[in-house]
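Q: One structure, as structure tokens, below. Some questions next.
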Amino acid sequence: QVHLVESGGGSVQAGGSLRLSCAASGYTYSSYDCMGWFRQAPGKEREGVAHINRVGGTVYTDSVEGRFTISQDNAKVTLYLQMDSLKPEDTAMYYCATAPWYGGSCSQAEYNYWGQGTQVTVSS
């Protein structure tokens with residue numbers, strides 16, 4: 001039922017910034033208490049980048065902590081990822097996703113709805 005559409009990707013030079021957005025429709029807050037950003041580069045496994053829970057708590061993977069910020073609007077229908085100080089190794093397809101809260105960290109939740117992705121390319 002949940003439909004997610006990412007936007008905001010593009011090509012930037014190292015050190016630049018981008019803000020990704022994820023618009024959600026058919027979103028049920030009570031059922032999907034976790035939202036997250038993931039990325040996958042060619043030849044690499046998909047990795048969780050940042051996650052946010054229903055009360056605004058956040059968790060980041062070590063490689064982006066201090067540079068990326070995950071947030072959502074007051075209506076909780078749009079998810080954002082502010083990316084600063086971008087590095088070439090951040091180049092990947094970025095996906096947003098939702099998950100019901102299972103009782104632990106949203107970084108370990110089962111994400112069952114996914115967007116189609118938006119490409120981020122960072123040049124040196």
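Q: Where both partners of a DSSP beta bridge lie in the chain, what percent of those bridges are antiparallel, to the nearest 5? All intermediate terms of the calculation are to be shown ahead of the outcome.
A: Values: 36 of 40 bridges.
The antiparallel fraction comes to roughly 90 percent.
Q: Further, regarding this structure: Need the full-extension length gain, ARG67 to ALA14, defined as separation in residues times 0.36 nm minus the C-alpha distance. One decimal, nm. All intermediate terms of the calculation are to be shown ahead of the outcome.
A: Details: separation 53, 0.36 × 53 = 19.08 nm, distance 1.25 nm.
Working it through step by step, the gained length comes to 17.8 nm.
Q: I'd like the projected area of segment 68-110, averaged over all directions, using the convex hull of its alpha carbons. Report it in nm² with one decimal. All intermediate terms of the calculation are to be shown ahead of the outcome.
A: Details: hull surface 16.4 nm².
Average projection, Cα convex hull of segment 68-110: 4.1 nm².
Q: Compute the Cα gyration tensor for the chain, then decide on rounded, prolate or oblate, letting a ≥ b ≥ c be the square roots of its eigenvalues: rounded whenever a/c is under 1.5, prolate when a/b is larger than b/c in the other cases, and oblate in all that remain. Can you show the working numbers first?
A: Details: a/c = 1.76, a/b = 1.64, b/c = 1.07.
Here the chain falls in the prolate category.
Q: Also: Give me the distance in nm between label points sitting 7 Å out from Cα along the Cα-to-Cβ direction at SER124 and VAL59, one decimal.
A: The two pseudo-label positions are separated by 3.4 nm.
Q: Right, here's the next one. Which percent of the accessible area of segment 21-88 is formed by carbon and sulfur heavy atoms (probe 1.4 angstrom)?
A: Working: 1490 of 3310 Å².
Heavy-atom surface of segment 21-88 belonging to carbon and sulfur, 1.4 Å probe: 45 percent.
The values are calculated or read from the model by the stated rules, or taken from the named source; none is laboratory data. Keep in mind it's a predicted model, so treat the numbers as computed, not measured. We place every Cβ from the backbone using ideal geometry, glycine too, and count neighbours over all the protein chains shown. Please note that ligands, DNA and RNA were not included when accessible areas were found on the heavy atoms of the full protein model with its side chains. Shrake-Rupley method; radii C 1.70, N 1.55, O 1.52, S 1.80 Å.
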